[in-house]
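Q: Provided herewith is a single structure, encoded as structure tokens, for subsequent inquiry.
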Amino acid sequence: MTNAEHALQYVTDGAAIGLGTGRAAEAFLRALADRVRSGFRVRGVPTSRASESLARSFGIPLVSLEDALPLDLAVDGADEVAPNLDLIKGWGRALIRERIVASAAKRFVVLVGPEHVKEKLVRRLGERGKLPVEVVPFALPLVQRRLADMGLPAEPFLDGGSHFLSDNGNHILDARVGPIDDPAALDRAIRDIPGVVGTGLFLGVADVVLIEDGGKVEVRERKRS
């Protein structure tokens, strides 16, 4: 069983599901589509135009976030997973919509596939060296300067030589980071910069992480007080 197939165990008939973006999310979409073709009823809310297009091609029914609230479940990948299940996301450039959908869900399930398990399971967030920051276009030079002043040099993510535009019409800065001592403090400091829409730090959000490695799926669940 793959982690995408395992994630289906959290899906109930008639559920409203947040559909993530990226390779792990695509594997879940394929598994979910098989379930839909067998008569399972779901309503999907995609986190990007890419996942929307893919879901439609697979025949997964889609609705707006407004029509689906509260979501029963959201399923997505991650770029880093700390031992306490805090995450860095956004390398797939859909971080703000992913955050909104994850926050709207009663349960957020994260998939880590076998091809990247050693890279993505980190001791401290930031070990892979990159933190995406979504920025209003007008504020890009200010945010870039402020990040540099914080010791976080950042470069705009480019698409064909031009500044990439997110589905929200914003730019993405990739801030260079090392292992982060206090992710919550760093997240607050960056979001306090005028023009920052959000960061790739997803703290206290994931409920379950499914790690596929060596043909087995390890289940890690967040301990809630």
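The values are calculated or read from the model by the stated rules, or taken from the named source; none is laboratory data. For clarity, every value in this text was computed on a predicted model and none was experimentally measured. Note that each Cβ is placed from the backbone with ideal geometry, even for glycine, and that neighbours are counted across all protein chains shown.
Q: Among (1) surrounded by fewer than 15 Cβ atoms within 10 Å (Cβ to Cβ); (2) assigned by TED's automatic domain parsing to the domain that holds GLU98; (3) touching a residue at least 60 places away in the same chain (Cβ under 8 Å), which single condition is PHE164 missing?
A: For PHE164, the exception is condition (2).
Q: OK, next. Considering (1) surrounded by fewer than 20 Cβ atoms within 10 Å (Cβ to Cβ); (2) of a type in the set (Val, Ile, Thr); (3) touching a helix residue (DSSP H, G or I) at 6+ places or on another chain (Cβ under 7 Å), say which one VAL75 fails and leave the rest.
A: (1)
Q: Select from segment 81-137 the residues that are of a type in the set (D, E, K, R) and in a strand (DSSP E or B) and write down the one among them that is surrounded by the fewest Cβ atoms within 10 Å (Cβ to Cβ).
A: LYS130
Q: Return the residues of segment 127-161 that are among the small types (Gly, Ala, Ser), free of Cβ contacts under 8 Å to residues at least 40 places away in the same chain and more than 16 Å from GLY200 (Cα to Cα); say none if nothing qualifies.
A: Result: ALA148, GLY151, GLY160, GLY161.
Q: Please work out if LYS118 is within 23 Å of ASP86 (Cα to Cα) and free of Cβ contacts under 8 Å to residues at least 24 places away in the same chain.
A: yes
Q: Same structure again: Which of the residues belonging to segment 51-67 are of a type in the set (A, V, I, L, M, F, W, C) and either within 14 Å of ARG30 (Cβ to Cβ) or in contact with a Gly (Cβ under 6 Å, 6 or more places away or on another chain) (or both)?
A: LEU54, ALA55, PHE58, ILE60, LEU62
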